[in-house]
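K.L.:
My structure is below; once you've seen it, I'll send some questions.
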Amino acid sequence: MTEDQVRDKAGKILDFQDTETAKSGVGQITSFNQLGFKGVKDRPDGWYLPNEKSFPSIVLETKSETTKLNQAHTDELLKNIKIVSKKYKDNIGILYNGDHVKIYKNGNFLRDEDELKNKEYYLSIFSKNKIDTNRIYKITARINNNLHFNFGIKNLYHRMVFTACALVAKRYGSVLIEGMNYKTFHTSIHTTLSKSFEEARNQNIKLDILLESFSSIKMNINENQDAIDDFIKSVCEISDNINSDFWNGEDVMAIFFNEFNRYKGKSESGQVFTPDHVTSLMYKIIEVNKDDRILDAACGSGAFLVKSMCNMINEAGGNSTTKAKEIKQHQLFGIEFDKEIFALSCANMLIHKDGKTNIEQLDSKGEEASKWIKEKDITKVLMNPPFENKYGCLEILLNVMDSVPRDTECAFILPDKKLEVNMSKTKKILRHHTLLKIIKLPNETFSGTTTSIFIFKSGIPHKEKKVFACAILNDGLETVKNQGRQDIKNLWPNIEEYWTDVIYRQTGDDSIQWLDPKENLSYQFEKSSFNLSMFDFKKTVFNYILFKNGADINEVKNRVVDFVLYDKLDKQSSKLVELIKNKKNTTDKDDNIDLSEWKVFKICGDNDSLFKLEQPSPRTLTEYIYDGDTPFVASGAFNNGIEKYVEVKDGELLDKGNCISVSAIGGFSFYQKNDFIGRGGAGSAIKLLYSEKLNENNALFICTVLKKQLAQYGYNDMLSGTKLKSEHIFLPVDKKGNPNWLLMENYIIDIIKQLGDIKDI
């Protein structure tokens, strides 16, 4: 090819043509002077110059196919880059001869490539971490408060849907200007949602559902002009942050979910959304590529689909390529059961200019979903299904893997023990599918539940194969107040690269295990020996005294920390400094109590066990509308297990006091002196332990032991009555080998004396 032919070819591949947002083209007759660089007569071979000068520019230099690229050609390109850099801080230089590509970033050589790609591929060089997530969190918080208090939208999901629809409308050209009254503002969003998708609506009913969701939201207040202006300003600012040329697949909608969910009440059903860095890791470890057909059958906010879309399009060469359109229309598939969440997942895709992704509102464990999946020729599955058994977590997994083609790689996020505590269902899964890998995630990844990534191969029975397992104990993220865990020190990219390599090679890290599926289906940590210290008992007693005196334990903790660390900074002990500096535990092994003379006792279930087990009647806190004086005891960790004080229903029998309540989550155990209402039924219902020998003091002793013994139970493996009947505890004994109730009582009395008078806290 001649230089002219190479230049024309490059212009088509790069998609260099003038738009409303940029001057772009190729040729040898256009000078920089004509392009707005006054007095500069030099002529570039190709250019992309955005109207917004904060966006990066592209300069092209071409040579014939027979010309070997040399330093003189590079110098010519660098001269043009220098010219453009007077107006554009960021710029890409491309040297191309039809066969070879040299790429320069801000005048510095970046890399050689064998193939020229669409301009968006080169613009994406500057796209990493361009979305200011912290700013989006702050704006979202402002939007939430505005809609809640100034517009009177009380429903959490309605606030999210309203915001999402406004963002979609803004991305598709809706005119939103401060000063608009409510009617004009609302109509502008509705009209854009209606007209912009007129053609697409015939192809995908999701657009109607989104519009329906928006139309159903009613404002209690709509005459507050300041509130309207603030909402419009906030939406416009977020929209500006989510520019398609500067987006790296971050799940923006998840930011909304996380922020809005901070305000949900305990009675509102919550959703678990996948952190962005986890979606990125899962995408990489199952080696998704631009030709894959991706399924997420519990898509929630659409995190996996959004991440896949971004990465696949980048690999294809950018958003304007034919392949990008194919990816959006034919390679991304999602299912979401919840109608409102479904609308939001649709909105998430639409915000990123995808109007045709195949997302359906179906029950992922049903026959209709199975039939739908079988038609899609899926090649990879990425999912974070609902953890609770009531949603049919493992049924969803089985239905998905039964419905995709044989040898499909499927990555699921599940609670660590999910497969082990549901063995009948797990055996059914393994009869038809192979469990390849288990990747333990840091405990902090999902609040209240420890999780792992489970990777399966569909359609191939597991048989006797051992399972690769490893543990990512630290992802580098830190908790930011009101914004969740974030990679504020930018540690995750290197951590991700390391673990992607380890998981691919199945070697290279000390945490690696090879599990026998007959014995274990979760990552195995070395079990620590049971121990107790004086500190454990002091903590129990102290918290109980605080409860009796009406003090808030968390408030006390904060005040004590402030006092010790700041008010008395000059008098800090060296021990405290060392504890903080070296992240030491608050107790030493030397403080452990000698348990050699203690004996094991069965907690409940038999005639010779310590306690009689009783369970409260089936009931939840939502049944009690009115505040009252009767404690409602549930599976909490604080305030003696009391969630709220309520008014008793007519004729209702209370649970008798002088017992120990045991939480189904965390094994938290509390002495209940007075009669109360206990959380009953399935799931997180509490268990009650009664004994004629029980009193306030020896109960506090036993509560301490029970809490240590039962701490392993969590959301993914709750403590049922059956499980409690199989548990044992260590207790001190008298000369006859029976529990020494008097010793336990006196031990607690001594601790109370040591603690002194804390009634005024």
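K.L.:
Give the residue list of GluC sites (Glu not before Pro) in segment 415-484 that are DSSP loop and have at most 12 other beta-carbon atoms within 10 angstrom.
P.N.:
Here the sparse-neighbourhood loop sites are Glu464.
K.L.:
I've got another one for you. Mind checking the dipole of the chain: about its Cα centre, +1 per Lys or Arg Cβ, -1 per Asp or Glu Cβ, Debye to the nearest 20?
P.N.:
420
K.L.:
Pull out the extension gain between Ser215 and Asn443, defined as 0.36 nm times the separation in residues minus the alpha carbon to alpha carbon distance; nm, one decimal.
P.N.:
The span from Ser215 to Asn443 would gain 78.0 nm if fully extended.
K.L.:
Where does each of 18-31, 740-753, 297-310, 273-286 land if you order them by average Cβ count within 10 Å, highest first?
P.N.:
Listed from highest to lowest mean packing, they are 297-310, 273-286, 740-753, 18-31.
K.L.:
Based on Cα coordinates alone, diagonalise the gyration tensor for the chain, multiply each eigenvalue by 5, take square roots, and list the semi-axes in whole Å, largest first.
P.N.:
Listed largest to smallest, the semi-axes of the chain are 56, 30, 28 Å.
K.L.:
Also, I was wondering about something else. If I model a spin label as a point 7 Å beyond the Cα along the Cα-Cβ vector, how far apart are those points for Asp226 and Val648 in nm?
P.N.:
4.9
K.L.:
Ordered by packing density, taken as the mean number of other Cβ atoms within 10 Å over each peptide's residues, highest first, how do 82-91, 503-512 rank?
P.N.:
Descending mean neighbour count gives 82-91, 503-512.
K.L.:
Related question: Specify the inter-centroid distance of segment 36-71 and segment 361-405, based on alpha-carbon positions, in whole Å.
P.N.:
Centre-to-centre (Cα) distance: 50 Å.
K.L.:
Additional query: Using a Förster radius of 56 Å, what is the FRET efficiency between Ala637 and Asp377 based on their Cβ-Cβ separation? Nearest 0.05, please.
P.N.:
So, using R0 = 56 Å, E works out to roughly 0.75.
K.L.:
For Cα pairs less than 8 Å apart in space and 6+ apart in sequence, what is the mean separation divided by the residue count of segment 3-126, i.e. the relative contact order in percent?
P.N.:
22
K.L.:
Could you tell me the calculated FRET efficiency between Lys612 and Asp363, based on Cβ-Cβ distance and R0 = 45 angstrom, to the nearest 0.05?
P.N.:
Once rounded, the FRET efficiency stands at 0.60.
K.L.:
So between Ile512 and Lys736, what do we pick up on full extension, going 0.36 nm a residue minus the alpha carbon distance?
P.N.:
Gain on extension, Ile512 to Lys736, equals 75.9 nm.
K.L.:
Let me ask something else. For the residue pair Ser684 and Gln17, what label-to-label distance in nm results when each label sits 7 Å from Cα along the Cα-to-beta-carbon direction?
P.N.:
5.7
K.L.:
Also, quick follow-up: Give me the number: length gained by fully extending Lys466 to Thr322, i.e. 0.36 nm times residue separation minus the C-alpha to C-alpha distance, one decimal in nm.
P.N.:
My answer for the length gained is 47.5 nm.
K.L.:
For Ser85 and Leu110, what is the calculated FRET efficiency with R₀ set at 22 Å and r taken between the beta-carbons, to the nearest 0.05?
P.N.:
Efficiency for this residue pair is about 0.90.
K.L.:
Beta carbons within 10 angstrom, averaged per residue: use that to sort the peptides 688-700, 331-343, 490-502, highest first.
P.N.:
Going from most to least packed, we get 331-343, 688-700, 490-502.
K.L.:
Can you flag which of Lys380/Lys723; Lys105/Lys323; Lys425/Lys649; Lys23/Lys138; Lys170/Lys325; Lys138/Lys708 are past 31 Å Cα-Cα?
P.N.:
From Lys380/Lys723; Lys105/Lys323; Lys425/Lys649; Lys23/Lys138; Lys170/Lys325; Lys138/Lys708, over 31 Å: Lys380/Lys723; Lys425/Lys649; Lys23/Lys138; Lys138/Lys708.
K.L.:
On to the next question. Using the Cα centre of segment 700-743 as the reference point, and only Cβ charges (+1 on K/R, -1 on D/E), how large is the resulting charge dipole? Debye, rounded to the nearest 20.
P.N.:
It comes to approximately 100 debye.
K.L.:
Compute the helix-to-body angle for 182-195: its Cα long axis versus the longest principal axis of the chain, expressed 0 to 90° and rounded to tens.
P.N.:
Orientation of helix 182-195: about 70 degrees from the principal axis.
K.L.:
I'd like the orientation of helix 339-351 relative to the chain: the angle between its Cα long axis and the longest Cα principal axis, in ° from 0 to 90, rounded to 10.
P.N.:
30
K.L.:
Still on this structure: Could you tell me what fraction of 2.2 N^0.38 Å the Cα radius of gyration of segment 659-758 comes to, as a two-decimal ratio?
P.N.:
Output field value: 1.15.
K.L.:
Would you calculate a helix-derived [θ] at 222 nm for the chain, using -39,500 (n - 2.57) for each DSSP H run of n ≥ 4 and dividing by the full residue count, to the nearest 500?
P.N.:
Taking each H run of at least 4 residues, the total per residue is -11000 deg cm²/dmol.
K.L.:
Tilt of helix 534-548 relative to the longest C-alpha principal axis of the chain, in degrees (0 to 90, nearest 10)?
P.N.:
Orientation of helix 534-548: about 90 degrees from the principal axis.
Rule-based calculations on the coordinates, nothing more; no lab input. The structure presented is a predicted model; accordingly, all values stated were derived computationally and were not measured. Cβ coordinates were reconstructed from backbone atoms using ideal geometry, including for glycine residues, and neighbour counts include every protein chain displayed.
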